[in-house]
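The values are calculated or read from the model by the stated rules, or taken from the named source; none is laboratory data. Since this is a predicted model, take the numbers as computed values, not measurements. We place every Cβ from the backbone using ideal geometry, glycine too, and count neighbours over all the protein chains shown. What goes into the accessible areas is simple: the full protein's heavy atoms, side chains included, and nothing from ligands, DNA or RNA. Shrake-Rupley method; radii C 1.70, N 1.55, O 1.52, S 1.80 Å.
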Amino acid sequence: MKNYISFTLASLIALSACGQSKPQEQEVLGKKSPENKKLMIKSVKLPTTIKTGAEQTEKYLPLLKGKRVGMVVNPTSIIGTQTSVDSLLKRGVKIQKIFGPEHGFRGDASAGVSVNDDVDTKTGIKAISLYGKHSTPTAEDLADIDIMIFDIQDVGVRFYTYINTLQHVMEACAANNKTLLILDRPNPNGYLIDGPILDPKFKSGVGLQPIPIAHGLTVGEYAQMLNGEGWLKDKVKCKITIIKNANYDHNMEYTLPVKPSPNLNTQQSILLYPSTCLFEGTYLNHGRGTMFPFTIVGAPYLKGKFDFSFTPKSIKGMAETPLFQDQVCYGLDLRTYDTAELRKSKQINLSWLISLYQASPKKEDFFNSKLSKQIGTIEKLVGVADFRQQVMEGKSEAEIRASWEPGLSTYKTMRKKYLLYN
């Protein structure tokens, strides 16, 4: 639901005509009213503009004056139309090093591909990879840095790896007595808090902490939770300063100005991602190898079951070796699915996965990650042991959801302690 400042058109006329500050009932000029009644004009709603933390430079430039700065950034780190690195350099900020997460600082590495340290060709600044030889900045990396900045767009789900990078950076800052400045950004799925709580036995690169699939937090709020719940290594506390989003709440619709990663390349894919990323743990192609990842899904063996079809191809920087490459896949087309339905339900959609499993003639292979390196382990994605069996036994969506309690409700209560926004 969008946030608005509301004025009546009549009040705007009054303000411009005589400088009145209170909305007043006004007669509509030029319109006859036989009963000589005063008529009200419907409200005109003027949208407010969300401002990210990065855009509010006046709030944090004083904190950077005379400091050697490290920046954890990627292509989503922008101020207006420029990267925050380029923008802050022009403002005289001394950026010592750049740290890049999965996909690299410039965002041109495919999902899961290790990224090497490098020198950014545009700025000449050393770029340290946090998705290669090590995921945590070393003491050497931070030795010539006075303050670190974290400015990366998240999409609000546990298995999106940027919040893992946040944790590792916080741990490094705490160990080396560095302050972390977080430039907060809206969560495009901020309205959604759903899914089972991660069982620690399934802790992995796609899930580190006991949170649901969709956590309903911004990066700044999640950082507060990491500190507050003692989830950082050795229960250390990181000194953080958060520049909040302005004019934002969790129920707002927020369209990302830049794709957050190569395969989340449309607003539709971002909004479907909490539901459709589960297909990464199945013997299905979920749009990788097309320009519509996470919005289409299918497999060759579903021919005759579904009319919609697509053919995955090798695409450099997105999916070099997609599952079922060069084979016609049949399944679901969710590109025009009305995501307002997700907002109404405030739930992850499990019916798509359940229906595809039920339609599959290869049920024994549906969750078999040994069939391809492109298939993840469903337990690591969902975060619990029983989901696979529940689907195979034909449990309903309601029955599966019931098994997520009381953990999900407990999390929702705990989450409230760390909120920066309504």
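Take the alpha carbon gyration tensor of the chain, find the square roots of its eigenvalues, order them as a ≥ b ≥ c, and report rounded if a/c is under 1.5; if not, report prolate when a/b exceeds b/c, else oblate. Mind showing how you got there, number by number?
Details: a/c = 1.79, a/b = 1.16, b/c = 1.54.
Verdict is oblate for the chain.
Got a sec? What order do R415, R68 fall in by accessible area at 1.4 Å, biggest, i.e. largest, first? It would help to have the intermediate numbers written out before the result.
Working: R415 25, R68 85 Å².
Of R415, R68, the descending order of accessible area is R68, R415.
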*asked:* Let me check against my output: what whole-number percent is the relative contact order of the chain, with C-alpha pairs under 8 Å and at least 6 apart?
replied: 14 percent
*How many angstrom lie between the C-alpha centres of segment 53-105 and segment 127-157?*
13 Å
*For segment 356-422, what's the relative contact order in percent, using C-alpha pairs closer than 8 Å and at least 6 residues apart?*
18 percent
*How many angstrom separate the Cα center of segment 351-370 from the Cα center of segment 386-418?*
20 Å
*Report the accessible area of D338, computed with a 1.4 Å probe over the heavy atoms of all protein chains in place, in Å² rounded to the nearest 10.*
80 Å²
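If you roll a 1.4 angstrom probe over the protein chains with everything in place, what fraction of the accessible area of the chain belongs to carbon and sulfur, to the nearest %?
Numbers: 9940 of 19390 Å².
Here carbon and sulfur together make up 51 percent of the probe-accessible area.
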_Exposure rank, largest accessible area first [R91, R335; 1.4 Å]_ = R91, R335
*Taking R0 as 56 Å, what's the FRET efficiency between L63 and K305 from their Cβ-Cβ distance, rounded to 0.05?*
0.45
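Shape verdict for segment 225-302, please, from the Cα gyration tensor: rounded (a/c under 1.5), prolate (a/b greater than b/c) or oblate. It would help to have the intermediate numbers written out before the result.
Numbers: a/c = 3.13, a/b = 1.70, b/c = 1.84.
Here segment 225-302 falls in the oblate category.
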*Mind giving me the FRET efficiency for K51 and L89? R0 is 22 Å, r the Cβ-Cβ distance, nearest 0.05 is fine.*
0.55
*Take every DSSP beta bridge whose two residues both sit in the chain, then give the antiparallel share in percent to the nearest 5.*
50 percent
_Applying a 10 Å radius around every beta-carbon, put 269-282, 307-320 in order of their mean neighbour count, most first._
269-282, 307-320
*Taking only C-alpha pairs under 8 Å that are 6+ residues apart, what is the relative contact order of segment 149-259 in percent?*
36 percent
*Would you kindly state how much longer the chain becomes between D365 and T410 on full extension, computed as 0.36 nm times their sequence separation minus their alpha carbon distance, in nm to one decimal?*
12.7 nm
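According to the square roots a ≥ b ≥ c of the eigenvalues of the Cα gyration tensor, what is the shape class of segment 268-422, taking rounded for a/c under 1.5, prolate for a/b larger than b/c otherwise, and oblate for the remainder? Numbers along the way, then the final one.
Numbers: a/c = 1.83, a/b = 1.48, b/c = 1.24.
Prolate shape, in that a/c is at least 1.5 and a/b is the bigger ratio.
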*Förster-model FRET efficiency, 22 Å R0, T81 and D117, C-beta, rounded to 0.05*: 0.20
